[in-house]
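Q: Quick one: this structure, given as structure tokens, is what I'll be asking you about.
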Amino acid sequence: MEQATIKVRNQQRSINKPNLMKIFWWTLTFLKPYRGLFVTSLCLGLMIASAQIAIPKFIQVLVDGVLPSNDLLKYREILVVLTCVIAIVIIATILKHLTDRKMQELVAGDMQIGVFQKMRSLGYSFYEKHPVGEIFSLFHTEVEAIQKINRQYLPTIIQYAITFSVTFIFIAMLNWQLSLVFIPGILLYYLIGPYFERKSAEYAKKLADSHAVLNKKQYDSISAMMELRAYGQEKWNLDQLLEQDQKTAAINVIFFKLINYRGAFRRVAVYFSGILMFIFGYYFISKELLTIGEFIAFTVLYYKVMFDLTILITNLTEQRVLLQQTIRLYQFTELTPDVEEVEHPEELPKVRGRIDFQDVCFGYTSSSDVVKNINLSIQPGEKVALVGTSGHGKSSLIKLLSRFYDPTEGAVYLDGINLTRTSLKRLRESIGYVFQETYLYGGTVKENIQFGNENAVDGDIIAAAKAAKAHEFIMALPEGYDTTIGERGNKLSGGQRQRIAIARMILKNPAIVVLDEATSALDHENEAEVKKALDQLFKGRTMIAVAHRISTIQDFDKVVVIENGRIAEIGTYESLLEKEGAFYQLLMGEKRNAANA
Ligand SMILES: Nc1ncnc2c1ncn2[C@@H]1O[C@H](COP(=O)(O)OP(=O)(O)OP(=O)(O)O)[C@@H](O)[C@H]1O
Ligand SMILES: [Mg+2]
């Protein structure tokens with residue numbers, strides 16, 4: 001067996017704060033599969049923009065050509081052309097909206113699925129580190145923000161960028177000298193505008209963060225409702241919620257003030273250049289450098305260009321704000337799983353169940369290890385009990401066996417293969433894990449057991465439930481196996497939940513059984529029966545059990561006492577008793593507790 005030492009040290013990659021442009025390109029990558037639709041939308045946009053210029057052009061021809069000469073034939077001609085142009089604008093707009101919508105919905109769907117897949121790939125450690133409320137907010141605020149960028153901002157920005165450019169080129173061609181009046185207005189805006197842009201983007205970020213905290217607090221307070229009631233702490237919790245709510249509201253007020261000032265200032269800039277246009281327009285007409293028709297067309301187009309520009313800038317700014325909100329989602333998509341799958345895993349044909357921990361160290365943070373220098377060999381078919389004081393690293397040690405985490409030093413081997421070289425799927429198929437905290441999801445009892453093996457038929461499910469001593473209480477439920485379990489299994493007692501989790505594991509029929517205080521909530525009688533059933537069902541297979549009641553592990557082949565993340569003692573039940581060391585002390589403690597109870 002090769003001696004591999006892995007240094008992983010919880011590499012939740014520290015990600016530098018990404019710049020908004022990078023994030024913007026990232027949001028665009030979602031459009032990649034729909035290039036065809038995107039180009040169609042662009043072409044339709046160009047068509048609409050070009051056709052829209054026809055109206056001021058029509059006014060110009062009317063004022064300069066038709067009205068002075070009273071040429072009705074020409075008037076009729078341009079009226080027909082204008083009608084056709086309007087028809088084109090209407091049809092092109094309908095087609096563009098349909099194309100955009102189709103593209104947006106496809107992208108929105110891809111995005112949801114992408115986030116879900118990413119969440120799955122991050123696995124166990126991610127969920128231990130991030131509260132559900134926070135993950136939930138990723139789905140709501142952040143995914144919605146990106147969808148909004150693709151649904152609303154991107155099409156608007158592209159469309160107005162096109163109409164602005166086309167109109168501006170046209171206006172410059174009409175009279176380039178007069179079009180210089182745009183410059184002071186734009187300069188004026190850019191003197192102060194960016195300050196408001198920056199400030200409002202900053203407050204938008206604050207607002208998004210504050211919303212995320214509020215979401216998390218709301219989620220936590222609903223989840224902990226029972227505990228809060230039991231401790232009479234509803235008011236305390238409500239005060240916390242209210243405080244966060246008020247903070248969010250205050251930020252919201254400042255944010256909208258800033259947006260308002262920004263808009264007002266933009267209008268000042270537009271009207272300032274507008275006044276200049278009238279002054280210089282009058283001058284050019286008097287010098288016969290401009291016809292009245294051209295001036296009218298220019299005026300109409302000036303306001304159109306400024307209108308387009310304003311919408312463009314507003315949308316760009318608001319998009320910037322939304323992009324700030326998507327930073328966390330972007331960072332989330334950049335996370336690498338703590339535990340990564342090797343590209344070409346080694347075959348694990350038939351699992352025999354030999355497990356070796358070699359010089360294993362592990363810590364959740366880089367500052368301290370909770371598992372220290374563990375060397376432990378477990379033979380195929382051996383029954384090993386882990387015991388020790390609470391918080392000393394038992395659960396952490398067995399989490400390494402299913403590769404929920406990788407050791408920071410040393411390695412764990414299964415049948416002589418380093419776990420980092422096996423396929424995660426194959427590894428987890430081989431291990432039946434009953435967690436310390438049982439999570440039942442909100443389906444029926446049957447679904448919760450079937451989870452262990454989706455191909456199992458009703459007979460198998462009932463047999464597993466019987467072995468786990470769960471059948472009787474399940475049958476007493478209102479709809480038996482079809483009873484729906486409330487979120488987190490609220491309608492069942494702790495012991496009942498544990499028995500369902502055991503039935504699930506039995507149905508999985510794994511090569512290795514790992515029980516983390518799996519029967520801790522059962523009474524003595526039920527515990528003994530479930531243990532007997534497990535012994536029979538998994539005879540000859542490796543079993544590792546973290547035990548809370550030392551009296552239940554007499555028949556185990558090996559007992560390992562864990563103290564401060566290290567193996568303090570190891571041996572058979574009898575040998576450890578004789579030694580009168582750490583194990584003996586634990587047993588005495590348990591007896592004293594039982595006597596005092
Ligand atoms: N997900 C986690 N993130 C950070 N620290 C953790 C995490 N899980 C456990 N710990 C810490 O690691 C240490 C060992 O915890 P572990 O759950 O392995 O103990 P244990 O021996 O199983 O205790 P118990 O008997 O109470 O179940 C504890 O100090 C605990 O606070
Ligand atoms: Mg534990």
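The values are calculated or read from the model by the stated rules, or taken from the named source; none is laboratory data. This is a predicted model, so every value here is computed, not measured. Every residue, glycine as well, gets a Cβ built from its backbone with ideal geometry; the counts of neighbours run over all protein chains shown. Just so you know, the surface numbers come from the protein's heavy atoms only, side chains and all, with ligands and any DNA or RNA stripped out. Shrake-Rupley method; radii C 1.70, N 1.55, O 1.52, S 1.80 Å.
Q: Can we say residue 79 is in the same structural domain as residue 122 (by TED's automatic domain parsing), assigned to a helix (DSSP H, G or I) and either open to solvent by 40 Å² or more (accessible area, probe 1.4 Å) or charged (D, E, K, R) (or both)? If you could, list the steps in order and put the result at the bottom.
A: Values: in the same structural domain as residue 122 (by TED's automatic domain parsing): yes; assigned to a helix (DSSP H, G or I): yes; either open to solvent by 40 Å² or more (accessible area, probe 1.4 Å) or charged (D, E, K, R) (or both): yes.
Here the answer is yes, as residue 79 does meet what is asked.
Q: Now a separate question. All but one of (1) free of Cβ contacts under 8 Å to residues at least 40 places away in the same chain; (2) surrounded by 15 or more Cβ atoms within 10 Å (Cβ to Cβ); (3) over 30 Å from residue 458 (Cβ atoms); (4) of a type outside the set (A, V, I, L, M, F, W, C) hold for residue 558; state the number of the condition that does not hold.
A: Unmet condition: (1).
Q: Within region 347-371, can you find the residues that are part of a strand (DSSP E or B), open to solvent by 50 Å² or more (accessible area, probe 1.4 Å) and away from ligand 1 (no atom under 16 Å from the Cβ)?
A: The one that is part of a strand (DSSP E or B), open to solvent by 50 Å² or more (accessible area, probe 1.4 Å) and away from ligand 1 (no atom under 16 Å from the Cβ): 359.
Q: Can I ask one more? Working only within region 377-395, note down all residues that are of a type in the set (Gly, Ala, Ser) and more than 16 Å from ligand 1 (Cβ to nearest atom). Lay out the reasoning, then the answer.
A: Residues of region 377-395 of a type in the set (Gly, Ala, Ser): 377, 381, 385, 388, 390-391, 393, 395.
Within region 377-395, 377, 381 qualify.
Q: I would also like to ask the following. Looking at (1) among the hydroxyl-bearing types (Ser, Thr, Tyr); (2) more than 16 Å from ligand 2 (Cβ to nearest atom); (3) part of a loop (DSSP other than H, G, I, E, B), which one does residue 575 not meet, given that it meets all the others?
A: The number of the failed condition is (3).
Q: Given the criteria modelled with pLDDT of 85 or more, open to solvent by less than 50 Å² (accessible area, probe 1.4 Å), away from ligand 1 (no atom under 16 Å from the Cβ) and in a strand (DSSP E or B), does residue 505 qualify? Can you show your working first?
A: Numbers: modelled with pLDDT of 85 or more: yes; open to solvent by less than 50 Å² (accessible area, probe 1.4 Å): yes; away from ligand 1 (no atom under 16 Å from the Cβ): yes; in a strand (DSSP E or B): no.
Answer is no for this residue.
Q: Would you be able to tell me the number of residues in region 184-199 that are of a type outside the set (D, E, K, R) and either outside the structural domain of residue 278 (by TED's automatic domain parsing) or in contact (Cβ under 8 Å) with a residue 60 or more places away in the chain (or both)?
A: 8
Q: Restricting attention to helices (runs of 4 or more DSSP H) lying wholly within region 143-234, give those where 3 or more residues are at pLDDT below 85 and either closer than 30 Å to residue 290 by Cα or open to solvent by less than 70 Å² (accessible area, probe 1.4 Å) (or both).
A: 143-148, 182-223
Q: When you go through (1) open to solvent by 10 Å² or more (accessible area, probe 1.4 Å); (2) within 16 Å of ligand 2 (Cβ to nearest atom) one by one for residue 384, which number turns out not to apply?
A: (1)
Each row is one residue, and each column tells you yes or no for (1) touching a residue at least 40 places away in the same chain (Cβ under 8 Å); (2) at negative phi; (3) open to solvent by 30 Å² or more (accessible area, probe 1.4 Å); (4) not charged (D, E, K, R).
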| position | (1), (2), (3), (4) |
| --- | --- |
| 375 | yes, yes, yes, yes |
| 394 | yes, yes, no, no |
| 400 | yes, yes, no, yes |
| 409 | yes, yes, yes, no |
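Q: Residue check: is residue 414 modelled with pLDDT of 90 or more, touching a Leu at 6+ places or on another chain (Cβ under 9 Å), within 16 Å of ligand 1 (Cβ to nearest atom) and not assigned by TED's automatic domain parsing to the domain that holds residue 122? I'd like the intermediate steps shown before the answer.
A: Values: modelled with pLDDT of 90 or more: yes; touching a Leu at 6+ places or on another chain (Cβ under 9 Å): yes; within 16 Å of ligand 1 (Cβ to nearest atom): no; not assigned by TED's automatic domain parsing to the domain that holds residue 122: yes.
When the stated conditions are applied, residue 414 does not pass them.
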